[in-house]
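Asker: Just passing along the structure, written as C-alpha cells.
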There are 4 protein chains.
Amino acid sequence: MIVVMKSGSPEPEIARICTELQSWGLTPEKIVGKHKVVLGLVGDTIDLDPLQIRECSPWIEQVLRVEQPFKRASREYRHGEASDIVVPTLNGDVHFSEHHPIVITAGPCSVENEDMIVETARRVKAAGAHFLRGGAYKPRTSPYAFQGHGDSALDLLATARAATGLGIITEVMDTADLERISEVADVVQVGARNMQNFSLLKKVGAQDKPVLLKRGMAATIEDWLMAAEYILAAGNPNVILCERGIRTFDRQYTRNTLDLSVVPVLRTLTHLPIMIDPSHGTGWANFVPSMAMASIAAGTDALMIEVHPNPSKALSDGPQSLTPDRFDQLMKELAPLGKMLDRWATPVPALV
Amino acid sequence: MIVVMKSGSPEPEIARICTELQSWGLTPEKIVGKHKVVLGLVGDTIDLDPLQIRECSPWIEQVLRVEQPFKRASREYRHGEASDIVVPTLNGDVHFSEHHPIVITAGPCSVENEDMIVETARRVKAAGAHFLRGGAYKPRTSPYAFQGHGDSALDLLATARAATGLGIITEVMDTADLERISEVADVVQVGARNMQNFSLLKKVGAQDKPVLLKRGMAATIEDWLMAAEYILAAGNPNVILCERGIRTFDRQYTRNTLDLSVVPVLRTLTHLPIMIDPSHGTGWANFVPSMAMASIAAGTDALMIEVHPNPSKALSDGPQSLTPDRFDQLMKELAPLGKMLDRWATPVPALV
Amino acid sequence: MIVVMKSGSPEPEIARICTELQSWGLTPEKIVGKHKVVLGLVGDTIDLDPLQIRECSPWIEQVLRVEQPFKRASREYRHGEASDIVVPTLNGDVHFSEHHPIVITAGPCSVENEDMIVETARRVKAAGAHFLRGGAYKPRTSPYAFQGHGDSALDLLATARAATGLGIITEVMDTADLERISEVADVVQVGARNMQNFSLLKKVGAQDKPVLLKRGMAATIEDWLMAAEYILAAGNPNVILCERGIRTFDRQYTRNTLDLSVVPVLRTLTHLPIMIDPSHGTGWANFVPSMAMASIAAGTDALMIEVHPNPSKALSDGPQSLTPDRFDQLMKELAPLGKMLDRWATPVPALV
Amino acid sequence: MIVVMKSGSPEPEIARICTELQSWGLTPEKIVGKHKVVLGLVGDTIDLDPLQIRECSPWIEQVLRVEQPFKRASREYRHGEASDIVVPTLNGDVHFSEHHPIVITAGPCSVENEDMIVETARRVKAAGAHFLRGGAYKPRTSPYAFQGHGDSALDLLATARAATGLGIITEVMDTADLERISEVADVVQVGARNMQNFSLLKKVGAQDKPVLLKRGMAATIEDWLMAAEYILAAGNPNVILCERGIRTFDRQYTRNTLDLSVVPVLRTLTHLPIMIDPSHGTGWANFVPSMAMASIAAGTDALMIEVHPNPSKALSDGPQSLTPDRFDQLMKELAPLGKMLDRWATPVPALV
C-alpha cells in the first residue's frame, strides 16, 4: 500500500500518520520527492481498505493498493499452477483445466418438461457435450415471466442424467434451495445477477459441489475474482469462472458485450478454469457460432451453449438458443479448431 | 407490440405468423409499407417477451414493445397520483411522498457498537433527521473485510430507536434473515447488489414493512422498476426507490456516477417515492453537500446520508461519511432550499 | 511516479532499472516491503508515460502516477484561485467564474433563418440570458441530416448580436472555419465529438477568443482536463468546461447521463469555470427544468439551455428545446435559487 | 417509422398529426389497439429524425425507427454481396474482403526514424505482413507527449515502402494534412478520436484512397456505420471498418474492451470489410496473441498489430507493441488457423 501526501503536508502531520499506521501493525517508509512525500507501507495489507487509510488525515491525497486484494484465487496461491477441477459423471471424470480438453456444456435455458429435457440431453450428448445445463429456478427480469418449474424440474434433470450420463449444471438463486439443488447438480451455478449475493457465495462455498460463477453484468475482473474468493475462503476450492457478456453503452445488436479478453487476462491472474457463454454473451443464436470459435481460439477451458429443441416455443431465452441440428453442426465446426490446439476430446460413446 | 417483417417477406409466411399470433390470443393488424410490412399486435401483451415473438419466424426483423413492461409500478396504475408511503415512528408518522417534506435518513454504514450508534442517532436526530440508517449485515467486496455484527447489531438499532424515536432502515441480504430484520426495521433495505435477487424481492414483497429498493450498479431504470414490480406483485405496495450512483467508465474521482436525472424521469413513469443517496453516489464526503443540494433542487422526496462519529475509524465506508458536525452544518445549508421549495419539515423536538 | 516490482524480482534487475531511470533524469528511491520492492521516482515526471516506464523490464508489475498529468489546468497552477474569464459583450462584461453570477446561455441548436434567430435572441435576452447559442456548422450523426447553414448563419448570429447585445457562442468543427467563426463568436465552442480532435484544440488555443470545451461522451474527467491543457498550453488561458452528459448503459429515457458530480469534483481539481448543459444532458425538454435547478444547487458557474421558437419544426434537436415561454418561466423558477446562493444577476435592461 | 400515441389521445389530435405527417410526404396508417393507437408511416423515412416527429404533439409517446438509418453502408445496398476493396501495392494487389485471405497490417505506433521504420518494415514483411502501419501525426492525450514527426515521417514511410513493397497505412488528424498524407498512404486512417469528426469524414470521402475507419471509444455500431456512410455518401466507396476496443467500466487489466462480436454483427449489417486491432483493443502485448487468434476464428478480414523493434524505448504505446521476433512467432501461430479456415495467403517472397 502506498500513501501519497498532498504537496505542502506539514512534517508533524506526516509523523502523526506514521505513528497511527504503526499502531495498525504496519511499517511506513518515507520517500521525499520533488513535490510530494510518499509513504510505502510494509506489512500485511490484504485486509486493509485503501479508503480507510485515506481517512486518517485530510493531507493524504491518494492511497494506492500495490498488492492484489484476492489471495486464494490468485495464480501465485498455487505457485503458478492451474487448477484441475475434476467432476465425476456417469460418463467418467470431466476435467475443467487448461491442461485438458475443452468441456462443452449445452442445454436449454429452462427445463420445460421431461420429453424436452431428455430429448435435448440425448441430442447434445450425441453431438459431443459433457454437461447438460438447464434451469429449474430462473431469474427473470419480469415477475410476470415464467419463473422455472422449480423442484419438479430438478427431478427431470436427474432423469436426463440417468438417460445420458451427462453431468448436470443448474442455477441456485436462493440459499433456501441450495441443499435440494446440490443433491441433483454436479456443478452448482451462481448467476450473473447474484454474483455479489454474498450470503449465497458463502453458502455455496460451504458445500462440496463445484461452483460455476458467472460474471456480473457490471462486475470488474477484480470484483469477479473477489466473489470467487468468497467461495474459496468458505472452503470450496472448486470454482469455474464463466464470462457471459458485460453491459456497455451499445445494446442494439447484441444483448451484452462478450469480453473475450478475460481469457488471457484471467490466465495471468488466477489458477481457476475459464468458461465462455456466447449465448448470453451475444443474445442471438446466429452470432453464437462465430463467438464459440473465437472463444476456443482465445484459449477458453469450457463453453456453455444454449440449445433448445424448438427455440420459438421456448419459455425463456429462445432467441439465443440453437436447435439441436445447429448445435450438432457447430460441434463439427469447432472440432478441427479444438484438435488443432490439442484441446478436443474424442466424444464418449453414448450410453444405451 | 409491433412486429417488423424483413423486406421481401413472403405473403404466406406473414399469414402463417398472423395465425400463430392469433393462437396466442393476439389480434395482428397489418400495415403494408413502402419497403416493409409491419404487424401491430392488439391484445394483452404485458407478459409477452418480444424476443420470443421474434423467434416465430426468421422473416421477423424486429419486435418493438410499445407498452411498458411494468404495470403496478407505473404512474398510470394510480391514475397519475403519487404514492404516499406512511411509516409510523415513535416521533410520529413520516410520509415518503412528493407532496410531503423531504425525509432525511442518516447514520453510519455499519453499526459498530452501542455508544457509537446511539450517539450518532442522537446527533442526526438533533440535526433534523427522521430515520437512522445502519447496517447489521454488510455486503462487502472482500470476504476478509468486516461483514457487520449481524443479530447483535439489530439489538443496538432497537436501542438507538428507543433512545431517539428515529425510524430504522437496515439492509437485508439473505432471505433467512428477513424475519429478524423486519422485527426491528421500520423500512427494510434491499441493496444495489441484490436488486435483481428475485428470491429476496419476492420475500420482501410478502411481508409488511416498506422496502427501500436501491438501484443496481448496472440497472437501467426499466430494470429497476421491474424489480419494484416484483415487490408490488408480491403484495407489498410500499416501495421507495433509491438512486445511489451507477457504474460508468469514469471511476477515478467518484466511486459511482450519481444519476440525478432519475428524479424527473421517475416522476413521469411511476408513482413511487424517490430517495437519493449522495454518499454512495459519489463515494467521498467532500462531494456530498453539493450533491445533496442538487438532489433537493431536482425534486427528490428523501435523502440518505452517511454520518459516522469518527470516519477514519469506521469499519466500513469511512471516506464517504460526514462527521456529525458536518452533517449538522449540511442540514443548516439544506434547510433554506427545502423551505424555498416548500418541502422542509420543522424539526421534531428531541425526546427527553 | 511509483514503480512496483513483481515479487521475486532479482536484485541486479532492480539495480539495472534504477540505472536506466537515472539516465532519464529521475532519482529512484527504493522501499523494500514484505512481499515486494517499490521504487519512488523523484524528479520531473509530468511528461513521462507510466506505460513507457513499465516497458523497462518484465519484472515491473505496475507503474502508478502520483502527480496529475495536467499542469496549467490544475487548481495549484493558480495557487488555489479560480479563474475569472471576462468576455466583453455589447451589454457589458460577462464573467465566467465561481465568484460571479451564473451566466445563462440560451438559443437554438442551429441557426435557421434571420427571423427565427433574432426573435429567439430577443426572447432569451428578455428572460435574462447573457449569451446566445446557435449552430452555424452542425455535427450530425447522419450525413443526410441538416448540416447547418454555415457562413450565412454566422452573419445571422452577428445580426442577432447587434439586435440584442447578447454575446455569441457557436461551434467550430473544422480548423479551416476557425478564422471566420472567431470573427463573429465571442466564445468559440468545441463540441463533444471533437473534444479529442487535437489539431482543433491546438488551433483554438492559438487564437484569442475564449473557448467552451464540451466534455466528450466517453471522456473521463482527466481526459477532459488534458484536452483543456492542450488549449492552455497553446497559449489561450480562457477555457470554460461544459458538461453535457456522458454515455452509459441506460439510454432509454434520457439520451445521455448528466454527470452533475463534476461540479464539486472539478472545483477541487481545476481553476477553470464550469458550465452545465441540461438540454443535451437529458435530451428531453421536460427534464431540463429539474436538471437546471440541480445544476445551480450543485454550484455551476453557467448554464446552457436550448430554446427554439417552435421546437416541432426545429431542423435539429427539437425535442430537447424549450419554447421561449417555457424558458421565460424557467428563468423565473431559477432566480430565487440563484439569489438564495447569491449568484444571480439583476437582468440587464433590454436594448431598444 | 412507427408512432405510438399515449393512451387516451384525443381523436382530433390524432387526425391533426396524420395531416401534419401527410404534409411531410408520408402516409400514416392507423392501428387501434387495446390501450393505444399506433401510426405506421409509409414513405421515404431515411432522412427523418424520430425525435423530430415526436415533437409534433405532446400526445406522442414514442417514435420507433423501423428501417436502418444507413443506406450505402448496408448489406442490402450491394444486394447481400460483400465489398472487395482492392489496394494496389508494389508487392501486388491486396484485397480487403471476406472472400480473400486475411490482410495483415503491422508496424509501430509512430514513425521514429529511418532505421527504425525500415527495419520494422523488413521484419514484418518477412513475417508475412502486407501493410506497414506507422503514425506521422499522433493523437496523444497529453500535449506534452510526443506528437509524431509529421511531414518528415511521411517521407520515411515512403522510404520503407520502397524498401519492402509493403502498402502504407497512416492516420490523418487534420483536414489540412490530408493532401500530403494521401500522396504517401495507400490507405488513409481515421482514428477513434476523430470517428465523428464529420468535416474530416467528408474530406476523406472526397479523395480516392481507401479509408480505414476506426471505431470511436463510445461509438455504437450504428454510429460507426453512420460515420462510414458520411465517407460513402461523399463518393468514396472504399471504407474498411476497424474495431479497436470500446470504453467500458473495467479498465484495470486492459485499456479497452475488444468487442469481437462486431464481426458476426457487421456481417449481417454491412458489405464493408472488417479489421481487428488487438493491440489497442487490449493495450498489452501479452494479450495480443490470444486476441489475434480469436479475431481470425471469429472471421475477421484483416488484423492490425503493433510491432516495435524496441518497445521499451518506443516514443508512444510501447507496452502494447510486440517485438519483431514475437510478431514473427505470432504469424507462425496464426498461419495454421488461417489455413484451416482457408483464409491465409502464402507469403510473398521478399524484395531483394
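The values are calculated or read from the model by the stated rules, or taken from the named source; none is laboratory data. Please read all numbers here as calculations on a predicted model, not as lab measurements. Glycine also receives a Cβ, built like all others from the backbone with ideal geometry; neighbour counts cover every protein chain displayed.
Asker: With the requirement that a residue be more than 7 Å from every other protein chain (Cβ to nearest Cβ) and surrounded by 15 or more Cβ atoms within 10 Å (Cβ to Cβ), what does the stretch D:28-39 give you? Lay out the reasoning, then the answer.
Answerer: To start, the set of residues in the stretch D:28-39 that are more than 7 Å from every other protein chain (Cβ to nearest Cβ) comprises D:28, D:30, D:32, D:37, D:39.
Answer for the stretch D:28-39, where residues must be more than 7 Å from every other protein chain (Cβ to nearest Cβ) and surrounded by 15 or more Cβ atoms within 10 Å (Cβ to Cβ): D:PRO28, D:LYS30, D:VAL37, D:LEU39.
Asker: Same structure, new question: Considering each residue of the stretch C:233-251, count those that are closer than 15 Å to C:VAL190 by Cβ and surrounded by 24 or more Cβ atoms within 10 Å (Cβ to Cβ), and give that number.
Answerer: 5
Asker: Look through B:ASP342, B:ASP328 and report the one residue that is more than 10 Å from chain C (Cβ to nearest Cβ) and at positive phi. Before you say what the answer is, go through the steps one by one.
Answerer: Numbers: B:ASP328 fails: at positive phi.
Exactly one of B:ASP342, B:ASP328 is more than 10 Å from chain C (Cβ to nearest Cβ) and at positive phi, namely B:ASP342.
For (1) at pLDDT 95 or above; (2) out of contact with any Ser or Thr (no Cβ under 7 Å at 6 or more places or on another chain), each residue gets a yes or a no:
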| site | (1), (2) |
| --- | --- |
| A:ARG251 | no, yes |
| A:LEU272 | yes, no |
| A:MET275 | yes, no |
| A:PHE287 | yes, no |
| A:SER290 | yes, yes |
| A:ALA294 | yes, yes |
| A:THR300 | yes, yes |
| A:LEU303 | yes, no |
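Asker: Would you tally the residues in the stretch C:1-23 being surrounded by 14 or more Cβ atoms within 10 Å (Cβ to Cβ) and either within 13 Å of chain A (Cβ to nearest Cβ) or out of contact with any Cys (no Cβ under 6 Å at 6 or more places or on another chain) (or both)?
Answerer: Filtering the stretch C:1-23 for residues surrounded by 14 or more Cβ atoms within 10 Å (Cβ to Cβ) gives C:1-7, C:9, C:13-14, C:16-18, C:20-21.
Checking which are either within 13 Å of chain A (Cβ to nearest Cβ) or out of contact with any Cys (no Cβ under 6 Å at 6 or more places or on another chain) (or both) leaves us with C:1-7, C:9, C:13-14, C:16, C:18, C:21.
Residues that pass the stated criteria total 13.
Asker: Condition check: touching a Leu at 6+ places or on another chain (Cβ under 6 Å) and at the interface with chain D (Cβ under 9 Å from one of its Cβ atoms). Does A:ILE274 satisfy that?
Answerer: Spelling it out, it is not the case that A:ILE274 is touching a Leu at 6+ places or on another chain (Cβ under 6 Å) and at the interface with chain D (Cβ under 9 Å from one of its Cβ atoms).
Asker: Report, by residue number, each residue of the stretch C:53-76 that is more than 22 Å from C:PRO12 (Cβ to Cβ) and outside any loop (DSSP other than H, G, I, E, B). Lay out the reasoning, then the answer.
Answerer: Residues of the stretch C:53-76 more than 22 Å from C:PRO12 (Cβ to Cβ): C:64-76.
Within the stretch C:53-76, C:LEU64, C:SER74, C:ARG75, C:GLU76 meet the criteria.
Asker: Among the residues of the stretch A:40-92, write down those that are more than 7 Å from every other protein chain (Cβ to nearest Cβ) and at positive phi.
Answerer: A:HIS79, A:GLY80, A:GLY92
Asker: Next question. Out of the residues in the stretch D:1-33 meeting the condition of being small (Gly, Ala, Ser) and within 18 Å of D:THR45 (Cβ to Cβ), tell me which one is modelled with the lowest pLDDT. Walk me through how you get there before you give the answer.
Answerer: Initially, the stretch D:1-33 is screened for residues small (Gly, Ala, Ser), giving D:7-9, D:15, D:23, D:25, D:33.
Of the ones still in play, those that are also within 18 Å of D:THR45 (Cβ to Cβ) are D:23, D:25.
Working: D:SER23: 85, D:GLY25: 82.
That would be D:GLY25.
Asker: Still on this structure: Against the definition (without any contact (Cβ under 8 Å) to a residue 24 or more places away in the chain and either assigned to a helix (DSSP H, G or I) or not basic (Lys, Arg) (or both)), how does C:LEU41 come out, yes or no?
Answerer: Working: without any contact (Cβ under 8 Å) to a residue 24 or more places away in the chain: no; either assigned to a helix (DSSP H, G or I) or not basic (Lys, Arg) (or both): yes.
No, not satisfied.
Asker: Next up: What residue, among those in the stretch D:146-162 that are small (Gly, Ala, Ser) and crowded, with 17+ Cβ neighbours inside 10 Å, is modelled with the highest pLDDT? Steps first, please.
Answerer: Within the stretch D:146-162, the first condition is being small (Gly, Ala, Ser), and the residues that meet it are D:148, D:150, D:152-153, D:158, D:160, D:162.
Applying the additional criterion that residues be crowded, with 17+ Cβ neighbours inside 10 Å yields D:148, D:153, D:160.
Working: D:GLY148: 88, D:ALA153: 94, D:ALA160: 97.
Out of the qualifying residues, it is D:ALA160.
Asker: Go through the stretch B:287-315 and report how many residues are touching a strand residue (DSSP E or B) at 6+ places or on another chain (Cβ under 7 Å) and within 7 Å of another protein chain (Cβ to nearest Cβ).
Answerer: Within the stretch B:287-315, residues that are touching a strand residue (DSSP E or B) at 6+ places or on another chain (Cβ under 7 Å) and within 7 Å of another protein chain (Cβ to nearest Cβ) number 0.
Asker: Given (1) out of contact with any Gly (no Cβ under 7 Å at 6 or more places or on another chain); (2) modelled with pLDDT under 95, where does C:GLY43 come up short, assuming only one miss?
Answerer: (1)
Yes/no per residue for (1) under 26 Å from B:PHE146 (Cα atoms); (2) surrounded by fewer than 23 Cβ atoms within 10 Å (Cβ to Cβ); (3) in contact with a Gly (Cβ under 9 Å, 6 or more places away or on another chain):
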residue	(1), (2), (3)
B:SER261	no, no, yes
B:SER279	yes, no, no
B:THR282	yes, no, yes
B:VAL288	yes, no, yes
B:GLY299	no, yes, no
B:PRO309	yes, yes, no
B:PHE327	yes, no, no
B:ALA335	no, yes, yes
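Asker: Next up: I'm trying to understand the selection: among the residues of the stretch B:246-267, which are more than 7 Å from every other protein chain (Cβ to nearest Cβ) and among the β-branched types (Val, Ile, Thr)?
Answerer: Matches in the stretch B:246-267: B:VAL262 only.
Asker: While we're on this one: Return the residues of the stretch B:65-102 that are over 15 Å from B:VAL211 (Cα atoms), surrounded by 17 or more Cβ atoms within 10 Å (Cβ to Cβ) and hydrophobic (A, V, I, L, M, F, W, C); say none if nothing qualifies.
Answerer: Result: B:VAL66, B:PHE70, B:ALA82, B:ILE102.
Asker: Related question: For the stretch A:1-38, which positions are under 15 Å from C:VAL37 (Cα atoms) and either out of contact with any strand residue (DSSP E or B) (no Cβ under 6 Å at 6 or more places or on another chain) or assigned to a loop (DSSP other than H, G, I, E, B) (or both)?
Answerer: A:MET1
Asker: Say we look at the stretch C:144-189 and pick out the residues that are of a type outside the set (A, V, I, L, M, F, W, C), touching a strand residue (DSSP E or B) at 6+ places or on another chain (Cβ under 8 Å) and more than 17 Å from C:LEU200 (Cβ to Cβ); which of these is farthest from the other protein chains (Cβ to nearest Cβ)? Explain how you work it out, then say what you get.
Answerer: So the first thing to find is which residues in the stretch C:144-189 are of a type outside the set (A, V, I, L, M, F, W, C), and the list is C:144, C:147-152, C:155, C:159, C:161, C:164-165, C:167, C:170-171, C:174-175, C:177, C:179-180, C:182-183, C:186, C:189.
Remaining after also requiring touching a strand residue (DSSP E or B) at 6+ places or on another chain (Cβ under 8 Å): C:148-149, C:161, C:164-165, C:167, C:170-171, C:182, C:186, C:189.
Next cut, more than 17 Å from C:LEU200 (Cβ to Cβ) only: C:149, C:161, C:164-165, C:167, C:186.
On the way: C:HIS149: 15, C:ARG161: 25, C:THR164: 26, C:GLY165: 30, C:GLY167: 25, C:ASP186: 23 Å.
Here the answer is C:GLY165.
Asker: Let me ask something else about it. Among the residues of the stretch C:93-132, how many are in a strand (DSSP E or B), within 19 Å of the chain's Cα centre (by Cα) and not aliphatic (A, V, I, L, M)?
Answerer: In the first step, residues of the stretch C:93-132 are kept if they are in a strand (DSSP E or B); the result is C:93-96, C:103-107, C:110, C:131-132.
From what's left, within 19 Å of the chain's Cα centre (by Cα): C:94-96, C:103-107, C:131-132.
In the following step, the residues that additionally are not aliphatic (A, V, I, L, M) were identified as C:95-96, C:105, C:107, C:131.
Summing the residues that are in a strand (DSSP E or B), within 19 Å of the chain's Cα centre (by Cα) and not aliphatic (A, V, I, L, M) in the stretch C:93-132 gives 5.
Asker: Within the stretch A:159-197, how many residues are more than 22 Å from A:ILE85 (Cβ to Cβ) and hydroxyl-bearing (Ser, Thr, Tyr)?
Answerer: Total meeting the criteria: 2.
Asker: Right, next: So which residues in the stretch C:261-273 are touching a residue at least 40 places away in the same chain (Cβ under 8 Å) and either aliphatic (A, V, I, L, M) or over 16 Å from C:ILE104 (Cβ atoms) (or both)?
Answerer: If we filter the stretch C:261-273 for residues that are touching a residue at least 40 places away in the same chain (Cβ under 8 Å), which is where we start, we get C:262, C:265-273.
C:VAL262, C:VAL265, C:LEU266, C:ARG267, C:THR268, C:LEU269, C:THR270, C:HIS271, C:LEU272, listed by residue number.
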